[in-house]
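For reference, the structure is listed below as structure tokens.
Computed from the coordinates by the stated procedures, all read-outs in this text should not be read as laboratory data. Since this is a predicted model, take the numbers as computed values, not measurements. Here the Cβ positions follow ideal geometry from the backbone for every residue, glycine too, while neighbour counts run over all protein chains shown.
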Amino acid sequence: MKRLLQLFEKEDWKYYVGNSLQHDFYHTWHYHSLDVGGEPLLFVYEEGETYLAFPFIKREIPGEEYSDLTSIYGYTGPISNQKFTDLSPSFLENFRTSFLESLKEEKIVSVFSTLHPFFDQRLSLAELGSIHSNGKTVAIDLSLSLETQRKKYHRRLRGKIRQLKSKGYVVRESDSIEDIDIFANIYTENMKRIGASDSYLFPGSYFRDLYHSDELSSKLLLVYLHDKAVSGVYMVCTNEIIQAHLLGTLTAYLPDSPARLLTDEITVIGRKMGARYFHLGGGFNFKRDSLFEWKACFSDLILDFSSWRFIANPAVYDALVEKLEIRETADIDFFPLYRYSKTQGYPS
């Protein structure tokens, strides 16, 4: 049986996510309810007690009768209440058939989804193909002792963290509305500085709603210097994985890089929250750039990051791309290509 859940089916959405063996907060109903880029949907295929669920954002294609599916910002992909290795070939074949039927019924041209670096989701999508390597991400293994973890830091990083403490930088956990608004301002200034697209500029209500969600185990940390908040992070722990979902530093304090101290403190607090890993993510647009190298100074645990890029209607897809008049020789890694613009970006 297949189902296509919408946001008003809140309890059903929460059931399928909450009862899955592996999921992250990026899969949750509440997180999807904050998205304003399209219509959140949860595709579910189930046989008896076994199910596979896949969250998406459905977006209309301007001027067309068609739409496409994309994943919300973060690490999503399919989830199940069984190990992917335990799903039978017949179940997976029926899932694929039902999913393709839904794409046709909904007039979907293409599907894009990030995959979660910690989950073996490829097995459920292998026969559909189109799994694309996006690069690498960095994680810190919190099952190690804190002493062993810190020994893995680059020597220069350990020295920088000591310098931050000697200068008077301190990390404090926050929970007031005022602190949430302070963090929102820090994060927004940071996004504007790096030239992020409007999709990464959130209203104040976004931060407050995210923090107070009953679906998420989260904390807001701020770095202070002389009673002034200069950096912060919104961190979430789900199924033993910490994600620093939003992080920012005021421009004037970037030379000191207080986020180094913040990152180290997250590993301390993460252990208290029962986390096994702290996932730092990758570089800008998931390239091995200076941001990636900054994160790699904390850990040698490097993960593969992939996305699923599927063209459901090749004829319409090609026609839409043709309208852009992109040269065939252009080397553009973007999907779906008909939505490409030079301003697109995906900061991690």
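Which residue, of Asp179, Asp214, is out of contact with any Ser or Thr (no Cβ under 8 Å at 6 or more places or on another chain), exposed (fewer than 13 other Cβ atoms within 10 Å of the Cβ) and of a type outside the set (Ser, Thr, Tyr)?
Values: Asp179 fails: exposed (fewer than 13 other Cβ atoms within 10 Å of the Cβ).
Exactly one residue qualifies, and that residue is Asp214.
Inspect segment 140-158 for any residue being free of Cβ contacts under 8 Å to residues at least 12 places away in the same chain, assigned to a helix (DSSP H, G or I) and more than 16 Å from Cys297 (Cα to Cα) and give the result as yes or no.
The first filter runs over segment 140-158 and keeps only residues free of Cβ contacts under 8 Å to residues at least 12 places away in the same chain, leaving 144-145, 147-148, 151, 155, 158.
Add one more test, that the residue is assigned to a helix (DSSP H, G or I), and what stays is 147-148, 151, 155, 158.
Within this subset, residues satisfying the condition of being more than 16 Å from Cys297 (Cα to Cα) are none.
So far as segment 140-158 goes, no, none of its residues is free of Cβ contacts under 8 Å to residues at least 12 places away in the same chain, assigned to a helix (DSSP H, G or I) and more than 16 Å from Cys297 (Cα to Cα).
Kindly provide the set of residues from segment 243-276 that are touching a Phe, Trp or Tyr at 6+ places or on another chain (Cβ under 7 Å) and either over 20 Å from Tyr211 (Cβ atoms) or part of a helix (DSSP H, G or I) (or both), ordered by number.
Scanning segment 243-276 gives Pro258, Leu261, Thr263, Ile266, Thr267, Gly270.
Just need a number here: residues in segment 172-221 that are touching a residue at least 40 places away in the same chain (Cβ under 8 Å), among the charged types (D, E, K, R) and assigned to a helix (DSSP H, G or I).
Going through segment 172-221 one residue at a time, the tally reaches 4.
Which condition number does Gly135 fail, the rest of (1) among the small types (Gly, Ala, Ser); (2) touching a Gly at 6+ places or on another chain (Cβ under 7 Å); (3) without any contact (Cβ under 8 Å) to a residue 60 or more places away in the chain being met?
(3)
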